[in-house]
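The next block holds one structure in the form of structure tokens; read it before the comments.
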Amino acid sequence: GLDEAGGLEADFHGTSPGVAASFNATLAVTKAAVCYVVRCLTPANLPLNQGFLECIRVKAPIGSVVSAAYPQAVAAGNVETSQRIVDVVFRAFHELAPHCVPAASAGSMNNFSFGFQNPEFGVHYETSGGGAGGCPGGPAQSLSGVQVHMTNTLSTPIEVMEEEFPVRVERFQIKPGTGGNGQFRGGDGTTKVFTFLEEASVTVMTTRRRTKPYGLAGGQDGEPGAQFKGREGEWTPVEASSTHTVRAGESFRLDTPGGGGFGKSDSV
């Protein structure tokens, strides 16, 4: 809504309390997410400066998941929760500007890190893109396998990763059908399979595993992501945020979410 000075006020009162895991966002991250959405919906020639920022006020209870306070952990707040905030604010703006707001995108950086028992090989932090949400007036299908909104990361080239670490990427491909159907279809997520040639400790930190990226205006939801340990034909699902020991010769598979669709489609 509008505050007394005519600026935009985003009020997060009623948001859940902070959590024991690291998914708490600082107030600065929350304000950045709100400002990002407003910037997406304003003319491109509007300067992004202090005057712009001062027109946006964010209210949130201290200690909540969107306004963390010491000693709450915040590592995933910037890379995961920020995207939930973007989804919430975009959906609110859909009520005001239904033909300007896209459906939800994948909504997770799909954080994946590994380190080896042998310190000679070091550690690595990897991200994988998913599907962009269907956008009114955009292409028939939004982009697949991309990072969207608050992420600003790229996947490491496979050739570089395999040269630097005892790991082999068996598959890295678009996962068809994970984007939501609609007049403007959501982009698809990806499947990535890592085989470890040396024993490793693997950590995943992801969201959009139980909830689906929402569709808008009659569009269907995108499919959620998932992660598995084992090998081809013998996959065991694992939790969205968890750490695992992977033996030499074992594999880890990461499936990323698709984007939601926008608008009704004749094929829905």
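The values are calculated or read from the model by the stated rules, or taken from the named source; none is laboratory data. Note that this is a predicted model, so its numbers are computed, not measured. A quick note on method: Cβ atoms are made from the backbone with ideal geometry, for glycine too, and the neighbour counts reach across all protein chains shown. Quick note on the areas: whole protein, heavy atoms, side chains included, nothing else; ligands and nucleic acids left out. Shrake-Rupley method; radii C 1.70, N 1.55, O 1.52, S 1.80 Å.
Before moving on, here are some points about what is shown:
- Among G107, G138, G130, residue whose mean-square fluctuation peaks in a GNM of the chain (springs only between Cα atoms under 10 Å): G138
- Net charge in the neighbourhood of G177 (other residues with Cβ under 11 Å of its Cβ; Lys, Arg +1, Asp, Glu -1) is 0.
- Looking at the range 1-104, the accessible area is 54 square angstrom per residue; that uses a 1.4 Å probe and ignores ligands, DNA and RNA.
- Value of relative contact order over the range 24-90, rounded to a whole percent, pairs C-alpha under 8 Å and six or more apart: 59 percent
- Per residue, the range 114-268 exposes 47 Å² of accessible surface when a 1.4 Å probe is rolled over the protein heavy atoms with every protein chain present.
- Per residue, the average separation of C-alpha pairs within less than 8 Å and at least 6 apart gives the range 88-192 a relative contact order of 26 percent.
- Per principal axis, descending, Cα span of the chain in whole Å: 61, 51, 32
- Between 0 and 90 degrees, the angle of helix 27-41 with respect to the longest Cα principal axis of the chain falls at about 70 degrees.
- Near N118: Cβ cut-off under 12 Å, other residues only, Lys/Arg at +1 and Asp/Glu at -1. The net charge is -3.
- Value of relative contact order over the chain, rounded to a whole percent, pairs C-alpha under 8 Å and six or more apart: 18 percent
- Distance (nanometres) between label positions extended 7 Å along Cα→Cβ at L46 and R91: 2.3 nm
- In the chain, taking the dipole from charged Cβ atoms about the Cα centre, the farthest positive-side position among G14, T191, V167 is held by G14.
- In the chain, helical runs assigned H by DSSP with n ≥ 4 each contribute -39500 (n - 2.57); averaged across all residues and rounded to the nearest 500, the mean residue ellipticity at 222 nm is -4500 deg cm²/dmol.
- Principal axis dimensions, largest first and in whole angstrom, of the range 1-79 by Cα: 41, 26, 18
- Net charge of the neighbourhood of A200, taken over other residues with C-beta under 13 Å away and scored Lys/Arg +1, Asp/Glu -1, is -2.
- Under a model in which nothing but the beta-carbon of Lys, Arg (+1) and Asp, Glu (-1) is charged, the range 29-96 shows a dipole of about 80 debye around its Cα centre.
- Check: the range 122-268 dipole with +1 on Lys, Arg Cβ and -1 on Asp, Glu Cβ, in debye: 600 debye
- For the listed residue pairs K31/K59; K192/K229; K59/K212, the alpha carbons are over 19 angstrom apart in K59/K212.
- Heavy-atom accessible surface of the range 115-268: percent carbon and sulfur, 1.4 Å: 49 percent
- Amide H contacts under 5 Å for Q141: R185, restricted to partners 5 or more places along the chain or on a different chain, H placed in the peptide plane at 1.01 Å from N.
- GNM top mover of L96, L254, L216 - the chain, alpha-carbon springs below 10 Å: L96
- Shape category assigned to the range 149-237 from the gyration tensor of Cα positions, a/c cut at 1.5: prolate
- Cleavage-rule hits (GluC sites (Glu not before Pro)) in the range 143-227: DSSP loop, at most 15 neighbouring Cβ within 10 angstrom: E199
- Charges were assigned to the Cβ only: +1 to each Lys and Arg, -1 to each Asp and Glu. The resulting dipole of the chain about its Cα centre is roughly 560 debye.
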